[in-house]
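The values are calculated or read from the model by the stated rules, or taken from the named source; none is laboratory data. Worth saying up front: this structure is predicted, and the values here are computed from it rather than measured. Note: ideal-geometry Cβ built from the backbone for every residue, glycine included; neighbour counts use all protein chains shown. Calculation scope for accessible area: heavy atoms of the full protein, side chains included, ligands and nucleic acids excluded. Shrake-Rupley method; radii C 1.70, N 1.55, O 1.52, S 1.80 Å.
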Amino acid sequence: MATLEIRDLHVSVDAEGGPREILRGVDLTVKQGETHAIMGPNGSGKSTLAYSLAGHPKYTVTSGSVLLDGENVLEMTVDERARAGVFLAMQYPVEVPGVSVSNFLRTAATAVRGEAPKLRTWVKEVKEAMAALQMDPAFAERNVNEGFSGGEKKRHEILQLELLKPKIAILDETDSGLDVDALRIVSEGINRVRSTGEVGTLLVTHYTRILRYIQPDYVHVFAGGRIVESGGAELADKLENEGYEAYVKGGASE
Amino acid sequence: MADVQNTSGATTAGSIEVGTTGAGAQLAGPGTGRATVQQPIDARVAVKPSFDVNDFPVPHGREEDWRFTPMHRLGGLHDGTAASTAARGGEGTDKVELALPDGVTAETVGRDDARLGKAGTPVDRVAAQAFSAFEQALVVTVPAETVLTEPVKIDVHAEGGVRFAHVVIDVKPFAEAVVVLNHTGTGTRAANVELLVGDGAKLTFVSVQDWERDAVHVAQQSALVGRDASLKSVIVTFGGDLVRIHPRVRYAGPGGEAELYGLYFADAGQHLEHRLIIDHDTPHCRSNVVYKGALQGQDAHAVWVGDVLIRAAAEGTDTYEHNRNLVLTDGARVDSIPNLEIETGEIVGAGHASATGRFDDEQLFYLQARGIPADEARRLVVRGFFAELVQQIGVAEIQDHLMEKIEAELEANVG
Ligand SMILES: Nc1ncnc2c1ncn2[C@@H]1O[C@H](COP(=O)(O)OP(=O)(O)OP(=O)(O)O)[C@@H](O)[C@H]1O
Ligand SMILES: [Mg+2]
């Protein structure tokens, strides 16, 4: 069973006056089949955690470890992590001019699966996945994320999640910028992937509304660059009612 | 990639200079302290054209039009020391192959043929040298109202030596044609190409510079766009040691339309220069320019100068020009200079933009985060960068061929 183990992770970014520590000792274990919600106020470091796990060059890991089934993720390049089964659905997906969605998806699937998918089954697979997410087939011929609305970008991220079938899915604010219908469609997509029982999900969010569609097994409160409280789904209800105030004031800080 | 943009529908004259030295990614323009006032386009258009090489002084490299060109690598095309080797029966006989669809004629004519010089007269010493020294000109004619379904192909394979050439493409009124001028091989060459696009005619002209690494090629390509006619010019430069192409567009009547596309890939040590002038002196004409280049390797040098002049008489003009450069490695240099001069306020629109940048790290990260290895991700990005432009050509066969060439460049150079 695939397991992602994050131990005492410290991460800095280059800021104006020198390196600035954002993550200050994150501990978390995510197992295949589990869903962990990470909730926290703006600026608490949620995206930093997500990007650091994916290997974005902007972030420097200063100490700690990240293991996927015992393998050192931090030593892997960005693409190696993805091929090892780590998937990051981004808060702000990037536009890639001149690269069509269909070409992009096929290139990615070929890389992750280790061989080019058979054309006939592949076309069908993509079509069905797009239909399930209520994406117009015309998107396949558009350039990656170019001119996509916020909601369309998020659907496109979940489309990739469905096609690439990772072991660990990190979903950074996939709910933000979605209207109610889109939130439901995207959540259903995530649930389809979860229901296979083959993915461990790290659901990063600021708001509780997505948790009405996606039941987490664990909820972690993130503040000041670390997890300050963990609990079950009931913790989300508490956050819904009380907000983050208690954690921001009393929580880990400077 | 950052953009310098200057879009204006008013009467302001604008001129910005974008110079990128070494590391690339550097931009200049309004507000960056690098804006320069140059010799006005007006003055450059006013250069007295002439067929006689002796009417032009030998340029030394400090002149506005020559300041980016490494004169010592011109092989003497500019100072009279290059003499046609073909005349001596020596090396350097071009192999020219023509593919002429039904109805299209090709003739070789002498300097006194009345059709020469109608689209444009040489405006610099090298072009005048070419006119003074060529032996026979090639005139390709597409008769009126003939709509071709196959492209006209002119394959020039140069076999060393010095060559001077003159080609006239005469597309008669209401004809439609695609003409591909393809250059391979090597040698030192100066040429004039004239494009006559008759009233209501449509010409797609593709000039491919697929030279071997040591070729020198300087060409003036003059177009005269007729009333309600449209020209699509596609200039593709991959090979050569020094290539300098000078497309010029004038309009013979209102309603004319010119789309100028260019694509270049400069490797270590190559100097690839494209400088164009669009002279809007006729009302209600349009022009749209998009040139894109990639550079990689030490001393790869790309120069792009886009001069657009909207004269007082050219009311209702609509023009936009855009140059983008992707600098793939250290040591490459880009000089990108859009110039727009507007002498009337009664226009539809006028604008220009220039951007020179490195790989976008966020794009590469996104692709890699989907398992795509770094080298493949870079190739995808460069391929995409060019594909956007290639898609505009509208001739599938040419698009496929160009994408194959780009693919080959990527395989060889981007890893
Ligand atoms: N280059 C940088 N220089 C200085 N501080 C930075 C830099 N990059 C990020 N930060 C800071 O790191 C902190 C964490 O940012 P991060 O994006 O991880 O927060 P987040 O929890 O995802 O917030 P949100 O809910 O708004 O998405 C923020 O305070 C941010 O300003
Ligand atoms: Mg965030």
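Can you find a residue in segment B:402-409 that is without any contact (Cβ under 8 Å) to a residue 60 or more places away in the chain, under 25 Å from B:LEU203 (Cβ atoms), open to solvent by 40 Å² or more (accessible area, probe 1.4 Å) and not in a helix (DSSP H, G or I)?
Checked segment B:402-409: no residue is without any contact (Cβ under 8 Å) to a residue 60 or more places away in the chain, under 25 Å from B:LEU203 (Cβ atoms), open to solvent by 40 Å² or more (accessible area, probe 1.4 Å) and not in a helix (DSSP H, G or I).
Can you name the residue in segment B:143-170 that is in contact with a Pro (Cβ under 9 Å, 6 or more places away or on another chain) and not hydroxyl-bearing (Ser, Thr, Tyr) and, of all such residues, is least open to solvent (accessible area, probe 1.4 Å)?
B:VAL152
Quick check, is B:GLU362 more than 27 Å from A:SER100 (Cβ to Cβ) and either part of a loop (DSSP other than H, G, I, E, B) or within 14 Å of another protein chain (Cβ to nearest Cβ) (or both)?
So B:GLU362 fails the test.
Let me confirm something: among B:LEU340, B:LEU389, B:LEU326, which residue is surrounded by 24 or more Cβ atoms within 10 Å (Cβ to Cβ) and within 30 Å of A:GLN160 (Cα to Cα)?
Unique residue meeting the criteria: B:LEU326.
Within segment A:20-95, which strands (runs of 3 or more DSSP E) (wholly inside it) include 2 or more residues that are within 16 Å of ligand 1 (Cβ to nearest atom) and surrounded by fewer than 24 Cβ atoms within 10 Å (Cβ to Cβ)?
A:59-68
I'd like the full set of residues that are among the basic types (Lys, Arg), within 20 Å of the chain's Cα centre (by Cα) and open to solvent by 30 Å² or more (accessible area, probe 1.4 Å), limited to segment B:279-320.
If the condition is that a residue be among the basic types (Lys, Arg), within 20 Å of the chain's Cα centre (by Cα) and open to solvent by 30 Å² or more (accessible area, probe 1.4 Å), then B:ARG286 is the only one that fits.
For B:ASP335, only one of the following conditions fails: (1) closer than 20 Å to B:GLY262 by Cα; (2) acidic (Asp, Glu); (3) assigned to a helix (DSSP H, G or I). What is its number?
That leaves (3) as the condition not met.
Residues of segment A:162-201 being among the acidic types (Asp, Glu), assigned to a loop (DSSP other than H, G, I, E, B) and open to solvent by 40 Å² or more (accessible area, probe 1.4 Å), which ones?
Scanning segment A:162-201 gives A:ASP179, A:GLU198.
Being at pLDDT 95 or above, closer than 24 Å to B:ALA396 by Cβ and of a type outside the set (Phe, Trp, Tyr) is the requirement here; does B:VAL171 meet it?
Considered against the rule, which asks whether it is at pLDDT 95 or above, closer than 24 Å to B:ALA396 by Cβ and of a type outside the set (Phe, Trp, Tyr), B:VAL171 comes out as yes.
So A:SER195 clears everything in (1) touching a residue at least 12 places away in the same chain (Cβ under 8 Å); (2) within 18 Å of A:LYS167 (Cβ to Cβ); (3) away from ligand 1 (no atom under 14 Å from the Cβ) except one condition, right? Which one?
(1)
Out of curiosity, is A:ARG142 open to solvent by 10 Å² or more (accessible area, probe 1.4 Å) and within 14 Å of another protein chain (Cβ to nearest Cβ)?
Against the criterion (open to solvent by 10 Å² or more (accessible area, probe 1.4 Å) and within 14 Å of another protein chain (Cβ to nearest Cβ)), A:ARG142 qualifies.
Can you go through A:GLU242, A:GLU141 and tell me which one is more than 15 Å from ligand 1 (Cβ to nearest atom) and farther than 30 Å from A:SER100 by Cβ?
On inspection, the qualifying residue turns out to be A:GLU242.
State whether the residues of segment A:202-215 include one that is part of a loop (DSSP other than H, G, I, E, B), of a type outside the set (Lys, Arg), at positive phi and within 16 Å of ligand 2 (Cβ to nearest atom).
no
Do you know which of the residues in segment A:95-123 that are over 20 Å from A:PRO137 (Cα atoms) and under 20 Å from the mean Cα position of the chain (by Cα) is farthest from the other protein chains (Cβ to nearest Cβ)?
Filtering segment A:95-123 for residues that are over 20 Å from A:PRO137 (Cα atoms) and under 20 Å from the mean Cα position of the chain (by Cα), the one farthest from the other protein chains (Cβ to nearest Cβ) comes out as A:ARG113.
Quick one: how many residues across segment A:108-139 are in a loop (DSSP other than H, G, I, E, B) and open to solvent by less than 50 Å² (accessible area, probe 1.4 Å)?
Of the residues in segment A:108-139, 3 are in a loop (DSSP other than H, G, I, E, B) and open to solvent by less than 50 Å² (accessible area, probe 1.4 Å).
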